[in-house]
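Asks: Quick one: the structure is below, questions incoming.
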């Protein structure tokens, strides 16, 4: 289901263009993963449980400290520039790259009706990781370069592209081993999205009602102004040194909401 390398690069380059931002911003929606609570109007995460395969989160990652430090600064700049309340930031210590989504929310709740689901999932993931270890070995690290901001229907983040085709192929082969495994399919695990390497910075909260309103003659629409803001931020970030994320490891992790991803010491990991 994933693209070939050149098709992937072409696609992710397009989604970081100014014209794409304006188009995407016309369709953003409030994320159901955060809800308003209390008189102060703060948004708090709601239960959204599941399992995923990700790189270590920043709080557990030392190899990409420079990248994540800069990303934290990007997140701060983004929040300062956008309409207050539009984006609910995720904790920087939770920054990570999703290598393969597994199961979440209603699918997870349904699967949990089977008391054998979790041990079978963890066991099978461990077996797949073991089978893939020899295929993932390489003298060259998997390097992904930051391309710019990506606007998704309910979230915003930064998009990345592997610097070499070989890096992309290793990630694709690893994902195929997961999604084409008959035992995982029987557990309800299926691929639902094309791979788009990104790090989420936040989720949309208070989406202005006039976002798509026809502008006053001679004035730009709110979506157009937001698009310009994102474009300017991109230019500012990309004019500095290239930002690269090194993918050294992937881990099976569990989450209860979109702010923390945890694991037990004996859960499966694989080094790249």
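The values are calculated or read from the model by the stated rules, or taken from the named source; none is laboratory data. Note that the structure is a prediction, hence the values are computed from the model and not measured. Using ideal geometry, Cβ is built from the backbone for each residue, glycine included, and neighbour counts are taken over all protein chains shown.
Asks: Which ones in the range 58-77 are over 19 Å from residue 45 (Cβ atoms) and either in contact (Cβ under 8 Å) with a residue 40 or more places away in the chain or outside any helix (DSSP H, G or I) (or both)?
Replies: 61, 62, 63, 64, 67, 70, 71, 74, 77 - these are the residues of the range 58-77 that are over 19 Å from residue 45 (Cβ atoms) and either in contact (Cβ under 8 Å) with a residue 40 or more places away in the chain or outside any helix (DSSP H, G or I) (or both).
Asks: Another question about this same structure. Of (1) within 30 Å of residue 47 (Cβ to Cβ); (2) part of a helix (DSSP H, G or I); (3) out of contact with any strand residue (DSSP E or B) (no Cβ under 7 Å at 6 or more places or on another chain), residue 122 satisfies all except one. Which?
Replies: Tallying (1) within 30 Å of residue 47 (Cβ to Cβ); (2) part of a helix (DSSP H, G or I); (3) out of contact with any strand residue (DSSP E or B) (no Cβ under 7 Å at 6 or more places or on another chain), residue 122 fails exactly one: (3).
Asks: Is it the case that residue 251 is at pLDDT 95 or above, out of contact with any helix residue (DSSP H, G or I) (no Cβ under 6 Å at 6 or more places or on another chain) and over 29 Å from residue 82 (Cβ atoms)?
Replies: Answer is yes for this residue.
Asks: Give the residue that is surrounded by the fewest Cβ atoms within 10 Å (Cβ to Cβ), with candidates limited to residues of the range 7-31 that are in contact (Cβ under 8 Å) with a residue 24 or more places away in the chain and outside any helix (DSSP H, G or I).
Replies: For the range 7-31, the residue satisfying everything is 29.
Asks: Among the residues of the range 217-234, is any touching a strand residue (DSSP E or B) at 6+ places or on another chain (Cβ under 7 Å), within 27 Å of residue 165 (Cα to Cα) and not in a strand (DSSP E or B)? Write out each step before concluding.
Replies: First, pick out the residues of the range 217-234 that are touching a strand residue (DSSP E or B) at 6+ places or on another chain (Cβ under 7 Å): 230, 233-234.
Adding the requirement that they be within 27 Å of residue 165 (Cα to Cα) leaves 234.
Right, trim to not in a strand (DSSP E or B) and you get 234.
There is at least one residue in the range 217-234 that is touching a strand residue (DSSP E or B) at 6+ places or on another chain (Cβ under 7 Å), within 27 Å of residue 165 (Cα to Cα) and not in a strand (DSSP E or B).
Asks: Looking at residue 153, is it touching a helix residue (DSSP H, G or I) at 6+ places or on another chain (Cβ under 9 Å) and either within 21 Å of residue 21 (Cβ to Cβ) or free of Cβ contacts under 8 Å to residues at least 40 places away in the same chain (or both)?
Replies: Against the criterion (touching a helix residue (DSSP H, G or I) at 6+ places or on another chain (Cβ under 9 Å) and either within 21 Å of residue 21 (Cβ to Cβ) or free of Cβ contacts under 8 Å to residues at least 40 places away in the same chain (or both)), residue 153 qualifies.
Asks: What is the one condition in (1) out of contact with any strand residue (DSSP E or B) (no Cβ under 9 Å at 6 or more places or on another chain); (2) at pLDDT 90 or above; (3) in a helix (DSSP H, G or I) that residue 169 does not satisfy?
Replies: Just one mismatch for residue 169, condition (1).
Asks: Go through (1) in contact with a helix residue (DSSP H, G or I) (Cβ under 8 Å, 6 or more places away or on another chain); (2) in contact (Cβ under 8 Å) with a residue 60 or more places away in the chain; (3) outside any helix (DSSP H, G or I); (4) closer than 30 Å to residue 83 by Cβ for residue 203 and report which single condition fails.
Replies: Unmet condition: (1).
Asks: Looking at the structure I just gave you, is residue 99 within 21 Å of residue 195 (Cα to Cα), touching a residue at least 24 places away in the same chain (Cβ under 8 Å), over 16 Å from the mean Cα position of the chain (by Cα) and not in a loop (DSSP other than H, G, I, E, B)?
Replies: no
Asks: Across the range 132-150, what is the number of residues that are in contact with a helix residue (DSSP H, G or I) (Cβ under 7 Å, 6 or more places away or on another chain) and either part of a helix (DSSP H, G or I) or surrounded by 18 or more Cβ atoms within 10 Å (Cβ to Cβ) (or both)?
Replies: 7
Asks: Exactly one condition in (1) free of Cβ contacts under 8 Å to residues at least 12 places away in the same chain; (2) under 16 Å from residue 244 (Cβ atoms) is not met by residue 137; state its number.
Replies: (2)
Asks: Now for a different question. What is the number of the single condition among (1) more than 16 Å from residue 24 (Cα to Cα); (2) out of contact with any strand residue (DSSP E or B) (no Cβ under 7 Å at 6 or more places or on another chain); (3) not in a loop (DSSP other than H, G, I, E, B) that residue 266 does not meet?
Replies: (3)
Asks: What are the residues in the range 32-45 that are within 18 Å of the chain's Cα centre (by Cα) and in a loop (DSSP other than H, G, I, E, B), if any? Walk me through how you get there before you give the answer.
Replies: Taking the range 32-45 and keeping what is within 18 Å of the chain's Cα centre (by Cα), we get 32-34, 45.
The answer is 32, 33.
Asks: Can you pull out every residue in the range 161-182 that is surrounded by fewer than 16 Cβ atoms within 10 Å (Cβ to Cβ) and within 16 Å of residue 101 (Cα to Cα)?
Replies: Residues satisfying the conditions are 173, 176, 180.
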